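Just so you know, all these numbers are worked out from the coordinates, no wet-lab data involved. Please read all numbers here as calculations on a predicted model, not as lab measurements.
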């Protein structure tokens, strides 16, 4: 107030006061602008930090997803390996079972063949025995027949032999003297 009063009295002082006031106002304005700029800067910084955080989160999420994917892939790979291993085991088991059954069938066939062989042998033995019996049965009959044939032949040649009977030889009544 005193300055205003003085300014009223003295125009030069008025001017000086105005100048000072202007300067002060300019300074204030500058400060305001500076404050605004600083505020903007801090806001920008904060925004940058936030975006950086977001980016970090995003990359972290991506990394987590990648790891999860890899883990899942590993799991599926393991599962696939297990499945294929199981399949292979089953195949081998099937083959073994097939071999076993084939072996059994072969054994059965072999047994049957052996049984047939033994049966054949038995049949042969029986046949041999039968033929031997027949032969032995035929032999005496053949002998008898041949003997009969011989007698008939002889009878045909010499009919007198059959009819004539040997005459009884007369023995002397007295014994011969011993020398």
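A P(r) calculated from all alpha carbon pairs of segment 18-151, with 5 Å bins opening at zero, reads 3, 6, 5, 4, 5, 5, 4, 5, 4, 5, 3, 4, 3, 4, 3, 3, 3, 3, 3, 2, 3, 2, 2, 2, 2, 2, 2, 2, 1, 1, 1, 1, 1, 1, 1, 0, 0, 0, 0 percent. Across segment 46-108, Cα-Cα pairs more than 17 Å apart make up 68 percent of the total.
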